[in-house]
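Single-structure report; data block below.
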């Protein structure tokens, strides 16, 4: 099959890692796969290493400007028509706009969309009711033009059924496919090696390095952005110290909330305890540096970083949203922004969860091939 995977941005992030893993797996299965997306250096560079073509969609970006949306729809339609893709797999809300242009192609490709999270429609999202209503209308209209609709968590799929997003027979086009990750045996660093490498990247002094090596390190990997809710961890850190006196909070990633988080850290005088590590290439290699991985998100689809932490053998806790319970189990999830419950769980968070589901990249690729073939 000739397959096109479309994603809005090509910078480092969970959705981009998903696209990369899927593209690599499809190629390994003998499929003719191309990835297309907006600006960013990470995805094109990583795809090139695997010999997978990348096509820049110049007019694909996060925007509410209808003229830009129309420009992207025309751009995607022209590219799909020229290359005669059999499958076009869309992977973001902005990319979903392309479904209207693809609908008029002859022959028409099979159009698939993956719901990586419900975003504004999630009950935990603070968006205004009018904005939520607009998004609901948009999704229902777009979904009707799809050939297949993939959810990455059972909770999101059930929410879509209950709230009418899949009304009118759309439930029969709906699939559940978990995100998947496979680590090469040599990829993950051991505890001491991971801490040393992380300390080097943070340019710690020798004195700070000694304290870092013996500290209780907890934290997360992800964009410094609203959905990840890292202010919850910063706000809770002084209370965490009562449970874990030598605790240090490490947040690996970059994003628009950095200035806000830096302000919180200064206001609480936590400069020596909370570290914003910035963006680290292959950050998942450092996972075993953590005593505890925490995902306090406002909403999620199915977090790749959470799956990676479990597969790396790291104890984890997560907010009770999206597919988090499906990855780590009910007993390792806490109520959204529930500090008391989080601290109670943290006291005994030493055991690595065993996932009932199979979150391997190999299984994910097989399931998407089933979706593509209909």
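Yes or no: residue 245 outside any helix (DSSP H, G or I) and either within 18 Å of the chain's Cα centre (by Cα) or surrounded by fewer than 21 Cβ atoms within 10 Å (Cβ to Cβ) (or both)? Give the derivation first.
Working: outside any helix (DSSP H, G or I): yes; either within 18 Å of the chain's Cα centre (by Cα) or surrounded by fewer than 21 Cβ atoms within 10 Å (Cβ to Cβ) (or both): yes.
In short, yes.
Tell me which of these residue 251 doesn't satisfy, since it passes every other one: (1) over 24 Å from residue 91 (Cβ atoms); (2) surrounded by 20 or more Cβ atoms within 10 Å (Cβ to Cβ); (3) at pLDDT below 95.
Going through the list (1) over 24 Å from residue 91 (Cβ atoms); (2) surrounded by 20 or more Cβ atoms within 10 Å (Cβ to Cβ); (3) at pLDDT below 95, residue 251 breaks only (3).
Is there a residue being part of a strand (DSSP E or B), in contact (Cβ under 8 Å) with a residue 24 or more places away in the chain, surrounded by 16 or more Cβ atoms within 10 Å (Cβ to Cβ) and under 19 Å from the mean Cα position of the chain (by Cα) anywhere in segment 212-220?
Within segment 212-220, the subset part of a strand (DSSP E or B) is 216-220.
When the remaining residues are screened for being in contact (Cβ under 8 Å) with a residue 24 or more places away in the chain, the result is 216-220.
Those still in the list that are surrounded by 16 or more Cβ atoms within 10 Å (Cβ to Cβ) too: 216-220.
After this cut, where a residue has to be under 19 Å from the mean Cα position of the chain (by Cα) as well, the list is 219-220.
Yes; the residues of segment 212-220 include at least one that is part of a strand (DSSP E or B), in contact (Cβ under 8 Å) with a residue 24 or more places away in the chain, surrounded by 16 or more Cβ atoms within 10 Å (Cβ to Cβ) and under 19 Å from the mean Cα position of the chain (by Cα).
Would you mind finding the one in 310, 240 that is modelled with pLDDT of 95 or more and closer than 28 Å to residue 193 by Cβ?
Working: 310 fails: modelled with pLDDT of 95 or more.
Answer to the selection: 240.
Which of the residues spanning segment 22-42 are at pLDDT below 95 and part of a helix (DSSP H, G or I)?
Within segment 22-42, just 42 meets the criteria.
What number of residues within segment 248-270 are in contact with a strand residue (DSSP E or B) (Cβ under 9 Å, 6 or more places away or on another chain) and part of a loop (DSSP other than H, G, I, E, B)?
Going residue by residue through segment 248-270, those that are in contact with a strand residue (DSSP E or B) (Cβ under 9 Å, 6 or more places away or on another chain) are 248-254, 258, 261-262, 264-265, 268, 270.
Okay, now just the ones that are also part of a loop (DSSP other than H, G, I, E, B), so 254, 268, 270.
The number of residues fulfilling the criteria is 3.
Just to be sure, is residue 188 over 21 Å from residue 322 (Cβ atoms) and under 21 Å from the mean Cα position of the chain (by Cα)? Break it down stepwise before answering.
Details: over 21 Å from residue 322 (Cβ atoms): yes; under 21 Å from the mean Cα position of the chain (by Cα): yes.
In short, yes.
The values are calculated or read from the model by the stated rules, or taken from the named source; none is laboratory data. Everything numeric in this text was worked out from a predicted model, so none of it was measured. Please note: Cβ atoms are built from the backbone with ideal geometry, for glycine as well, and neighbour counts cover all protein chains shown.
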